[in-house]
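Structure, as structure tokens:
The values are calculated or read from the model by the stated rules, or taken from the named source; none is laboratory data. Computed from a prediction, not measured in an experiment: that's the story for all the values here. Because the Cβ atoms are built from the backbone with ideal geometry, glycine has one as well, and the counts that use them run over all protein chains shown. Accessible surface areas use protein heavy atoms only, side chains included; no ligands, DNA or RNA. Shrake-Rupley method; radii C 1.70, N 1.55, O 1.52, S 1.80 Å.
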Amino acid sequence: MPTCIVTGGTRGIGAAITRRVAREGGHVAAIYRADDRAARAFATDAAADGLDVSVHRADLAHVDACRSVVTEIVDRWGPAPHLVNNHGVLREARVVDTTVELWDHSFGVNVRAAFVLAQALWPAMESARYGRLVNIGSVTGTTGNPKQAAYGASKAALIGLTRSLARAGARKGITVNCVVPGVYETDMTNQMSQDDQKVIADMIPLGRRGRPDELAHVVAMLLHPDAAYVTGAVLQVDGGLGMGE
Ligand SMILES: NC(=O)c1ccc[n+]([C@@H]2O[C@H](COP(=O)([O-])OP(=O)(O)OC[C@H]3O[C@@H](n4cnc5c(N)ncnc54)[C@H](OP(=O)(O)O)[C@@H]3O)[C@@H](O)[C@H]2O)c1
């Protein structure tokens, strides 16, 4: 398999994606924001399991950092025609407390970085006439959430970005898709009380939160070279949550 970049790839859903994609073969470069120790521990565990994974630090809130981490990865591991924009920042706030700074940060990280990373890889994918991009959205981007205006708007914007890039790459062998998680077993939801976890599970037609591996499986499928006829798709992987009531 070709080299793949996974953002936010050392913990939570991103870690599951990194490991799942690496299992298919080929190198996976996982980007993390700040925690060097946790990233190194993740890389050591992956190597112990025979997975070909490297970790790269970059704060994707900054355009220069997005571009330089791509250069660092491509210089070391060669062309990376597979990209998973899994990173995301969620800061909850009431409407009246949603500052311009919070808004801009959400869009800078969740949307602009996704575009800048894709843009940095794009010329090589065009030349090779091959590329696979997967953006990780959120159920909040389609259903909304009263305390997540900036997050929800940024995740909805990822759908527009996905479809615009899908059209740009359509005759060039580049597919671009968006996978939309519902509620998953991650640090954030594990910390909720048993009562809250039950309320959430009751809302989900399948009756439980998703396991990160279950999302990673779908991402790996979309990254596969044989998945050449799927592009511009927005695929809900949410136990049916996005169907509404
Ligand atoms: N968990 C869910 O139930 C759920 C539901 C819907 C959508 N999602 C989406 O699925 C994706 C993964 O979710 P998750 O719950 O596993 O993630 P998470 O625990 O919220 O962590 C977010 C990831 O994004 C990275 N990140 C955040 N800001 C960054 C920055 N400025 N620069 C570089 N990396 C940054 C983090 O890296 P560090 O660890 O290095 O900070 C982390 O790996 C996110 O896009 C999220 O919005 C998750």
Heads up, the chain by the C-alpha gyration tensor (a ≥ b ≥ c square roots of eigenvalues; a/c under 1.5 rounded, else a/b over b/c prolate, else oblate) looks rounded
Once all protein chains are kept in place, VAL179 shows an accessible area at probe 1.4 Å, nearest 10 Å², of 0
Taking a straight Cα-to-Cα line shorter than 27 Å from LYS172, and setting aside same-chain lysines fewer than 8 residues away, one finds LYS155
Probe 1.4 Å, all chains present, heavy atoms only: ASP187 accessible area in Å², nearest 10, is 90
Order by accessible surface, 1.4 Å probe, largest leading, for residues LYS198, LYS147, LYS155 comes to LYS198, LYS147, LYS155
Of PHE42, PHE107, PHE115, ordered by accessible area with the largest first and a 1.4 Å probe, the sequence is PHE115, PHE107, PHE42
The chain accessible area per residue, 1.4 Å probe, protein heavy atoms, integer Å², reads 49
Once all protein chains are kept in place, GLU214 shows an accessible area at probe 1.4 Å, nearest 10 Å², of 60
Rounded to a whole %, the carbon-and-sulfur portion of the accessible area of segment 86-227 at a 1.4 Å probe is 54
Result row for the chain, helices from DSSP H with C-alpha axial extent 27 Å or more and mean Kyte hydropathy at least -0.5, is 149-169
When the charge dipole of the chain is computed with +1 on Lys and Arg Cβ and -1 on Asp and Glu Cβ about the Cα centre, the Cα farthest towards its positive end, among ALA227, ALA34, MET192, belongs to ALA227
In debye to the nearest 20, the charge dipole size for segment 108-177, taken about the Cα centre with +1 at each Lys and Arg Cβ and -1 at each Asp and Glu Cβ, equals 120
Measuring from its Cα centre, the chain shows a charge dipole (+1 at each Lys and Arg Cβ, -1 at each Asp and Glu Cβ) which, in debye to the nearest 20, is 580
Put HIS27, HIS105 in order of accessible area, largest first, probe 1.4 Å, and you get HIS105, HIS27
